[in-house]
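Right, one structure below, let's go through it.
All of the numbers you see were taken from the coordinates with simple rules; none came from a lab. Bear in mind the structure is a predicted one, so any value in this text is a computation, not a measurement. With ideal geometry, Cβ positions are generated from the backbone for all residues, glycine too; neighbour counts draw on all protein chains shown.
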Amino acid sequence: MPEPELVARCHCGRATIRLPRKPDYVNHCNCSLCATTGWWGIYYASEELLIEGKFDEYVRSDLPPDERFLKVLRCANCGNPTHWVPLSEPPYERMGVNARLVDPALLEGVEVREIDGRSW
Ligand SMILES: [Zn+2]
C-alpha cells in the first residue's frame, strides 16, 4: 500500500499544505491565540512545504509592535487557521502548520508537548 498522503487541509478543502514527513512533535499551547483558534503547532522549513489556497492574514494587535514576530494565515473561504510565517521575507527556516488540519490517524504516536504560552 502506498503511504497515506500527509496533508493539512482546511475545512472547505480549498487550502492545502503538503507535508514532507510526520512532525517530530506537536505543540499544544495554551496562549490566547492558540486557545481561541484551537491551534496545534507542527514545524517545517518553508521550502519543504507545498502550500496552495487563498489566505487572509492576522498579526496580533494586542502585542506592542516590537513583540510581533509572525502572522497567522487562514483560508480566505472557510476561515480555518492553516499556518503561520515570520514577519520577514521567505524562505523561512521554521514556520508553523496547524496540526488540527491533518487527519489525526496520521499523527498517531507523535509526541505531544504541552506549552504554557499563556504565562509568557
Ligand atoms: Zn477553507
Exercise. For I115, which sequence-distant residues (separation of 5 or more, or a different chain) have an amide H within less than 5 Å of its own amide H, given hydrogens modelled in the peptide plane?
Worked result: H28, C29, N30
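Averaging sequence separations of C-alpha pairs under 8 Å and six or more residues apart, then dividing by the length of the chain, give the relative contact order as a whole percent.
Values: 240 pairs, mean separation 42.3, N = 120.
Here the relative contact order equals 35 percent.
Once you order the gyration tensor axes a ≥ b ≥ c over the Cα atoms, which shape class does segment 46-99 get: rounded for a/c under 1.5, otherwise prolate or oblate by comparing a/b with b/c? Kindly include the intermediate steps, with their values, before the conclusion.
Working: a/c = 2.23, a/b = 1.19, b/c = 1.87.
Oblate, since a/c reaches 1.5 and b/c is not below a/b.
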For this session: Tell me which residues come under 5 Å, amide H to amide H, from A76 once H is placed; ignore anything under 5 positions away on its chain.
Result: K54, F55, D56
Exercise. Along the charge dipole of segment 7-106, Cβ charges K/R +1 and D/E -1, which of G38, P104, V59 sits furthest on the positive end?
Worked result: P104
Problem set entry | In Hz, Karplus ³J(HN,Hα) per residue of segment 38-51 (6.51, -1.76, 1.60; θ = phi - 60°; x = Gly, Pro) | x, 6, 10, x, 10, 9, 8, 7, 4, 5, 7, 10, 10, 10
Problem set entry | Mean residue ellipticity (222 nm) of the chain, computed from DSSP H runs ≥ 4 via -39,500 (n - 2.57), nearest 500 | -1000 deg cm²/dmol
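How big is the charge dipole of the chain about its Cα centre, in debye rounded to the nearest 20, if each Lys and Arg gets +1 on its Cβ and each Asp and Glu gets -1 on its Cβ? Don't skip to the answer; put the middle values down first.
Numbers: 14 positive and 18 negative charges, 70 e Å.
That gives the chain a dipole magnitude of about 340 debye.
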Exercise. When the Karplus curve 6.51 cos²θ - 1.76 cosθ + 1.60 is applied with θ = phi - 60°, which whole-Hz ³J(HN,Hα) does each residue of segment 28-37 get, with x for Gly and Pro?
Worked result: 9, 10, 9, 5, 4, 6, 5, 5, 6, 9
For this session: Apply the Karplus parameterisation 6.51 cos²θ - 1.76 cosθ + 1.60, with θ equal to phi minus 60°, to every residue of segment 6-17 and state each ³J(HN,Hα) to the nearest whole Hz, in sequence, with x for glycine and proline.
Result: 8, 9, 9, 10, 6, 4, 8, x, 7, 10, 9, 10
For this session: Return the Rg/Rh value of the chain, two decimal places, where both radii are evaluated on C-alpha atoms and Rh is the Kirkwood radius.
Result: 0.95
